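Below is one structure, written out as C-alpha cells; the observations come after it.
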Amino acid sequence: MRTDSNNDNARNAPHDRPPPLGAATLAELTQGVRGQLLDAGSDGYDEARSIWNGAHDRKPALILRCAGVADVIRGVQFARSQNLSLAVRGGGHSLAGFSTNDDGLVLDCSPMKGIRVDPYTRRVVAQAGALWQDLDHETQAFGLAVTGGLVSTTGIAGFTLGGGIGWLVRRCGLTSDNLVGADVVTADGQLLHAGAGENPDLWWALRGGGGNFGVVTSFEYALHDVGPTVFAGAVFYPGEHAETILAGYRKACAGAPDRLTTVLNLTTAPPVPFLPESVHGKPVVAVLGMWSGPVTDGDQHTRAFREIGPPITDLFGPMPYVAMQSLIDPLYPSGLHNYFRSAFLHDLDEPAISALLRAYATVPNPLTELHVHHLGGAMSRVPAGSTAFATRDREFILNVVARTPAAEGFPGVVDWARATTGSVAADAATYVNFTGEASGDQVRASYPGDTYDRLVAVKQRYDPANLFRLNQNIPPSAER
Ligand code: FAD
C-alpha cells in the first residue's frame with residue numbers, strides 16, 4: 001500500500017519514467033564526487049536503498065553517498081540538470097518514505113557524521129548524517145545535550161527541520177528552538193548560511209518547515225547541562241485501568257515542572273523480562289519520563305506519575321542520559337510497515353479520553369500504540385511567529401503508531417489510525433514529523449494559515465521549481 005500521495009513516488013508510474021542516463025553522463029558524475037555512486041548493479045545497492053520504514057520499498061536510479069558538501073552541491077546540480085526526482089536522506093527515518101524514490105537520485109548524507117563540540121561556548125556543529133546516538137555520545141562526554149529523539153537511531157537532520165520533540169522538550173524547547181545556525185545548499189547549488197541576521201527568511205523557514213528549502217549540510221545547536229545521570233524510566237499500569245490512568249496523567253501533567261517530560265503509551269505488554277509473564281500480550285499503560293534536574297530530586301518530582309494507581313512495575317530510577325535516549329530502541333526496529341499520524345490536543349479532557357479508550361479497545365495488533373506526549377514548558381514560551389513551527393499552545397500531542405510486521409494487514413491499520421485521529425480530534429493541527437503521509441491537506445494542517453503562506457513565499461524565493469518536493473511539500477506560489 002502506498003500512502004505518500006503528494007510526491008514523485010506516486011507520480012512516477014512506469015510509463016513516465018525519465019529516460020535512462022547515458023554512460024558518459026554517469027561517468028562524469030562518478031568522477032566529480034568523492035563519495036560512492038551506486039546504481040541497481042552496484043554491490044550494496046539493496047542495503048543502500050532501504051530506509052527504516054519497510055512500507056516504502058523503492059528502487060532509485062542512483063544513490064549518491066555524499067562524502068561532504070561538495071558532493072551535495074554536485075548532486076543537487078545533477079538532479080536539476082537531468083530533471084531527476086531528488087530524495088534527500090539524513091537518518092532515513094521518514095515515516096512517509098520521502099528519503100527514497102523510484103527512478104530518481106537519492107542524495108544520501110548518512111556518511112557525513114562529523115561532530116565538533118565546543119564545551120566552552122556550549123555549542124555543537126554536526127553534519128547532516130549524524131544520528132541522535134552519535135550526537136549524544138559526543139555531547140555527553142562534556143555533560144551537555146540538546147533535545148533529541150526518543151529513538152536514538154533517528155537522524156538529526158529530518159528531525160530538526162520538522163521541529164524535534166524529545167525528553168528535554170519542556171526544559172529546553174524543540175530541537176529546532178536550539179538551532180543557532182545551518183549551512184544549506186539551495187536548489188541553485190549555492191551554499192548559504194542561515195542564522196541570526198543571515199538569510200532571515202530561510203532561517204525562519206528551516207525551523208519547522210522541513211526539507212523544502214535546500215539540503216542542510218551541517219547544523220549548529222546550543223547545548224545545555226544534562227546528566228550524565230538523570231532520573232528516568234517507565235512505570236506500567238494494567239490496561240483495564242486505562243481510564244483512571246489517563247485522568248490521573250492529565251492531573252499529574254498539570255503540576256509537572258519543566259525539567260520533567262513524560263509520554264503516556266497505551267500499548268500491549270511485550271514479552272520482556274522486566275514485566276511479569278502474566279501480563280505479556282495484555283493491554284498495559286506505560287508512562288515514560290525523564291527528570292533532568294538534580295538526580296536526588298527525581299524521585300519526588302516523578303512520584304505523581306508513578307502513583308496514579310497500583311503499578312505492575314515501576315522502573316524509574318537514576319540512569320545515564322544516553323541509556324534513556326536509547327531505552328526504547330529495541331521496540332522500534334527497522335523494516336516493519338509503519339504509519340504514524342498525529343494530532344495536537346489542547347487538553348486531555350473527558351471527550352478526548354473517551355475517544356482514546358474506544359481506539360485502544362480496537363487496536364488492530366500488539367505493535368500498534370497510542371502515544372500521548374506532554375508538551376508545554378519551554379516549547380510553549382517561544383513566540384509562535386518566530387519560527388515556522390508555530391503550534392506551540394497545545395498541552396499534548398497524540399501520535400498514533402500503527403504497524404504491521406509486513407505488508408499483510410497494513411491497509412487495515414492505516415485505516416484504523418486515520419479513524420483514530422479523526423475521532424480524538426477531527427480538525428486538529430498535525431506535526432510534520434509524525435506523519436506517515438503528506439497530502440496537501442495534511443501539510444496545510446501542520447501550519448497555521450499565516451505560517452503556511454509565509455512558507456510558500458520563502459519556497460518561491462529559494463526553490464521556485466520545487467526541486468525539493470519529496471517532503472511535506474510546500475508548493476511554491478507559482479505552482480498553486
Ligand atoms: P530522513 O528519512 O533521512 O529524512 C526525512 C526527510 O527530512 C527527508 O525526506 C527530507 O525531506 C528531510 N531531510 C533529511 N535530511 C535532510 C537534509 N540534510 N537537508 C534537508 N532536508 C533533509 N520525531 C520527534 O519529533 N520526536 C521523536 O521522539 C521521534 N521519534 C521517532 C522514532 C522513530 C522510530 C521514527 C521512525 C521517527 C521518529 N520521529 C520523531 C519522527 C522523525 O523526526 C522524522 O521521521 C524525521 O524526518 C527523521 O529524520 P531522519 O533524518 O532520520 O529522516
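No value in this document is a laboratory result; all are computed from the given coordinates. Worth saying up front: this structure is predicted, and the values here are computed from it rather than measured. Neighbour counts are summed over all protein chains in view; Cβ atoms, including those assigned to glycine, are modelled from backbone coordinates with ideal geometry.
Taking label points 7 Å from Cα along the Cα-to-Cβ direction, D43 and R303 give a separation of 6.1 nm. In this simple spin-label model, placing a label point 7 Å from the Cα along the Cα-to-Cβ direction at both S50 and D314 gives a separation of 4.2 nm.
Of all stretches in the chain that contain no GluC sites (Glu not before Pro) in a DSSP loop with at most 15 other Cβ atoms within 10 Å, the longest one is 1-306. Over the C-alpha atoms of region 214-326, the Rg to Rh ratio, Rh being the Kirkwood estimate, stands at 1.05.
Its alpha carbons give the chain an Rg and a Dmax of 21.8, 70 Å.
Each 5 Å bin, from zero up to the one with the longest distance, holds this percent of the alpha carbon pairs of region 79-168: 3, 14, 23, 21, 16, 10, 6, 4, 2, 0. Restricted to Cα atoms, region 6-108 shows a radius of gyration and a Dmax of 12.7, 36 angstrom.
Helical content of the chain, expressed as a calculated mean residue ellipticity at 222 nm, amounts to -7500 deg cm²/dmol (DSSP H runs of 4 or more residues, -39,500 (n - 2.57) each, divided by residue number, nearest 500).
For R80 and E277, what is the calculated FRET efficiency with R₀ set at 60 Å and r taken between the beta-carbons, to the nearest 0.05?
The pair R80/E277 has a calculated efficiency of 0.55.
Distance between the 7 Å Cα→Cβ label points at S334 and A465: 3.1 nm.
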